[in-house]
Amino acid sequence: MSTFALTIDGQRIEVEPGTTILDAAAQVGIKIPTLCYLKDIGHDVGACRICVVEVEGEKEFKTACNTPAAAGMVVHTNTPAVREARRVTVELILADHPVECPTCVRNGLCELQDLAATFGLREVRFPRTRPAYPIDDSSVAIIRDPNKCILCRRCVTVCQQVQGVSAIEFKKVDGEAVVTPVLKVPLAETNCVNCGQCVLVCPVGAIYERDETARVWAALADPQKHVVVQTAPATHVSIGDAFGLPTGTDITGKMVAALRRFGFDAVFDTNFTADLTIMEEGSELLERINNGGVLPQITSCSPGWIKYIEHFHPDLLPHVSSCKSPQQMLGALAKTFYAQRKGVDPADVFVVSIMPCTAKKYEAARPEMNDSGYRDVDVVLTSRELGRMIKEAGLDFANLPDEDYDEPMGIGSGAAQIFGATGGVMEAALRTAYELVTGKTLDQIDFEDVRGLKGIKEATVPVDGLDVKVLVSHGLGNAGILMDKLRAGELKDYHFIEVMCCPGGCIGGGGQPIPTGTLARERRIGGTYARDKALQYRKSHENPQVKKLYEEYLEKPLGHRSHELLHTTYVARGWQPRVE
Amino acid sequence: MHSGDADPKVVSELARSLLALVRGESCGECLPCWHGIRQISAVLDKVDNGSPVSAEELAAVGELARTVGQGAKCGVGRIGGRLVLELLSRYSSVFQARV
């Protein structure tokens, strides 16, 4: 399509049709301020009115974020009237926002704080008008402080449109506009899957993870406890964000060094149990294929996805692999296999997980996750919480030496590393399944078709005469599309489906450093595949520690001990809150 | 609205009731209207019930009314803001600071 010209603050610019005034202004070096707008999730409802501009011939302001540029348009972005409106609007928002910046979880990472600073606002002339609301801490993973909510509705868009969960909504309740869990019940009583995407998009501190760093410091200070830690694949390429390193930098060795300095008795890698997951889940798939089991099999690593299918598609649960997630496998092994080998009382072993994920907090708290005889995982910390601990401890993170994980659960393959990116579990499974079934070495181990940010991906891989058909989705909205097709019988030819709850997979998880948007996701995916390429082992079945674990303890995939420790069951929850 | 002599009580009562109407319609979907109309209402209520009102408060009402009138997402706030500006300019004697 042909471009056209418009004028912004006296500068002429040619743009493509469909370009917003906001994007057109950016092309001439003008950053029109925004607050509610969030391009990554398609949120352009024009709620905050911060991006208002004057357009000649128009009686009223236009919002730059959602007004398309037009041929011949003459736009003014910096007039006295526009500046006044923007400043007054920020002042109005601040009047109803508790200014508790120093004690707020988002201090220094707050878009409202930034905007007030950008405008040089020095006073708020207006009194508070809203009633005080109780903080909703009903959820084990996510806490809401409605007092800080600025009604931008990003969380509602991501929950409803991207994730298809609709646990929260925007409405007028008793004359007050609020974002609230549906039917005004506590968050924990909704379909909320704890994905934390709302946390990532909140511009302020109105939704945040339950902070459990104090429990970890206390365990580390307790001489009776044998405290071990595991780190999820996606954290290896994300935690540097909190320390100003380029997004996607592989900080694995520095994270290990930091954790060791905290005093953890052993530092393990969840990548190790990701490889173990491939052995168990791959074997389960082959068993289903050979013995007429329920197909396609669907992955089970993502706890947000698990709670989603339990609420929204419980009839399809037989498709889900019985494998626990790598986090829960490691927890169960730490209090059995490891404790035994180390000669420590499993009652004294305290397992901490570093996860890119808020839903992992819920997963660890599920009643059935105690197959070791104890709570398999004691505390789950998000990437953000670990970042805060490292800062509190005063470690110069960027300059820490690179250290290695501890035996016997410290080696992870490249296949495990890519669990953190959408398509990675599938690719890891294909690398192993091909070789185990055919007995041949796979020459081309990079399965490009299942990589990248396309919402639903598919591939067909010939394995020993069988065309293995696979599907990959990320973001629960896409999972919902696949589940509807599965129920309609349209996926009968497929064998294996990978579903990740969060957009981009775990590298875009709800526990990751803020900001986590499309750009950060792309860069962390880049870092993930770079680390995969650099690792000594790139296939799960080649992991020497996994081989040893089977030899010394588990015997074989899907064996008796595996079933006891590494597999689980699900709950058909159905829709909540129940509507009578 | 006419601009002749008017009973101050009638004018302030009119302003208050018009704003109450706008406030009831304001939905919260856009922030200047949601917050702004409330803040304006609070000052106009003071004018109506004879409470002290400062010149700064009345000046702020002007800023708020311009912001809402020009920037609100829909006609509710836009009309509300303009009504306030109209009232302030036509009945400046009613909307005056007093201790």
Using every Cα-Cα pair within the range A:1-129, state what percent have a distance larger than 18 Å.
57 percent
With heavy atoms of protein chains only and a 1.4 Å probe, what residues of the range A:84-98 have at least 10 Å² less accessible area in the full set of chains than alone?
A:84, A:85, A:88, A:89, A:92, A:93, A:96
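Taking only Cα atoms of the range A:395-482, what ratio of Rg to Rh do you get with Rh as the Kirkwood inverse-distance radius?
Radius of gyration over Kirkwood radius for the range A:395-482 works out to 1.09.
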Compute the helix-to-body angle for B:31-49: its Cα long axis versus the longest principal axis of chain B, expressed 0 to 90° and rounded to tens.
20 degrees
Placing +1 on each Lys and Arg Cβ and -1 on each Asp and Glu Cβ in chain A, then taking the dipole about the Cα centre, the residue among A:167, A:554, A:179 whose Cα reaches farthest towards the positive end is A:179
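Ignoring ligands, DNA and RNA, what percent of the 1.4 Å accessible area of the range A:396-541 is carbon and sulfur? Let's see the in-between values first.
Numbers: 2710 of 5570 Å².
The computed percentage sits at 49.
Could you tell me the total accessible area buried at the B-A interface, probe 1.4 Å, in square angstrom to the nearest hundred? Walk me through the numbers before you get to the answer.
Values: alone 5680 and 22940 Å², together 26200 Å².
Buried area between the two chains comes out at roughly 2400 Å².
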Mind checking the log10 I(q)/I(0) for the range A:68-209 at q = 0.11 Å⁻¹? Debye, one equal scatterer per Cα, no solvent, two decimals.
-0.48
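So which GluC sites (Glu not before Pro) in the range A:397-504 pass both tests, a DSSP loop state and at most 11 other Cβ atoms within 10 Å of the Cβ?
Details: sites: A:403, A:427, A:435, A:448, A:458, A:490, A:498; in loops: A:403, A:490.
Of the GluC sites (Glu not before Pro), the ones in loops of the range A:397-504 whose Cβ has at most 11 other Cβ atoms within 10 Å are A:490.
Within the range A:112-228, what is the number of lysine pairs with alpha carbons under 20 Å apart, leaving out pairs fewer than eight places apart on the same chain? Please report the intermediate quantities before stating the final value.
Working: A:148/A:171; A:148/A:172; A:148/A:184; A:171/A:184; A:172/A:184.
Counting lysine pairs in the range A:112-228 gives 5.
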Once phi is turned into ³J(HN,Hα) by the Karplus curve 6.51 cos²θ - 1.76 cosθ + 1.60 with θ = phi - 60°, what whole-Hz value does each residue of the range A:135-143 show in order, with x for glycine and proline?
6, 8, 10, 5, 8, 6, 10, 10, 10
Return the calculated 222 nm mean residue ellipticity for chain A, to the nearest 500 deg cm²/dmol, obtained by summing -39500 (n - 2.57) across DSSP H runs with n ≥ 4 and dividing by the residue count.
-9000 deg cm²/dmol
Once you have all Cα-Cα distances for the range A:68-140, histogram them in 10 Å bins from zero and send the whole-percent values.
15, 36, 28, 15, 6, 1
The correct ranking of B:57, A:564, A:281, A:392 by accessible area at 1.4 Å, largest first, is A:392, A:564, B:57, A:281
Please name whichever of A:188, B:10, A:272 sits farthest to the positive end of the charge dipole of the protein assembly as shown, dipole taken about the Cα centre and charges placed at Cβ: Lys and Arg +1, Asp and Glu -1.
B:10
Run the accessible area of the range B:3-96 with a 1.4 Å probe and give the carbon-and-sulfur part as a rounded percent.
55 percent
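Can you give the accessible area per residue of the range B:3-96, in Å², using a 1.4 Å probe? All intermediate terms of the calculation are to be shown ahead of the outcome.
Working: 3940 Å² over 94 residues.
Spelled out: the 1.4 Å probe surface of the range B:3-96, per residue, equals 42 Å².
Please work out the Kirkwood hydrodynamic radius for the range A:299-396, using every pair of different C-alpha atoms, and report it in angstroms with one decimal place.
On the way: mean 1/r = 0.0678 Å⁻¹.
Every distinct Cα pair counted, the radius reaches 14.8 Å.
Considering the convex hull of the alpha carbon atoms of the range A:438-541, report its projected area averaged over all viewing directions, in nm², one decimal.
Numbers: hull surface 32.0 nm².
Computed as one quarter of the Cα hull surface, the answer is 8.0 nm².
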Here the range A:173-267 gives, from Cα atoms, an Rg and Dmax in Å of 18.3, 55
For q values of 0.12, 0.19, 0.21 Å⁻¹, compute log₁₀ I(q)/I(0) with the Debye formula on a Cα-only model of the range B:3-96, without solvent.
-0.31, -0.79, -0.95
Where only protein heavy atoms count, and the probe is 1.4 Å, what is the accessible area per residue for chain A in Å²?
38 Å²
Rank A:420, A:105, A:510 by how far each Cα sits towards the positive end of the charge dipole of chain A (+1 on Lys, Arg Cβ; -1 on Asp, Glu Cβ) and give me just the farthest.
A:105
With viscosity set to 1.567 mPa s and temperature to 4 °C, compute the Stokes-Einstein D of the range A:344-447, Rh being the Kirkwood radius across alpha carbon pairs; µm²/s, no decimals.
76 µm²/s
Cα principal axis extents for the protein assembly as shown, largest first, Å:
99, 62, 57
Test assert for the range B:16-39: residues whose accessible surface shrinks by at least 40 Å² between chain alone and all chains, 1.4 Å probe, equal B:29, B:31, B:32, B:34, B:35, B:38, B:39
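The values are calculated or read from the model by the stated rules, or taken from the named source; none is laboratory data. Since this is a predicted model, take the numbers as computed values, not measurements. Because the Cβ atoms are built from the backbone with ideal geometry, glycine has one as well, and the counts that use them run over all protein chains shown. When the accessible area is computed, the model is the full protein with side chains, heavy atoms only, and any ligands, DNA or RNA have been set aside. Shrake-Rupley method; radii C 1.70, N 1.55, O 1.52, S 1.80 Å.
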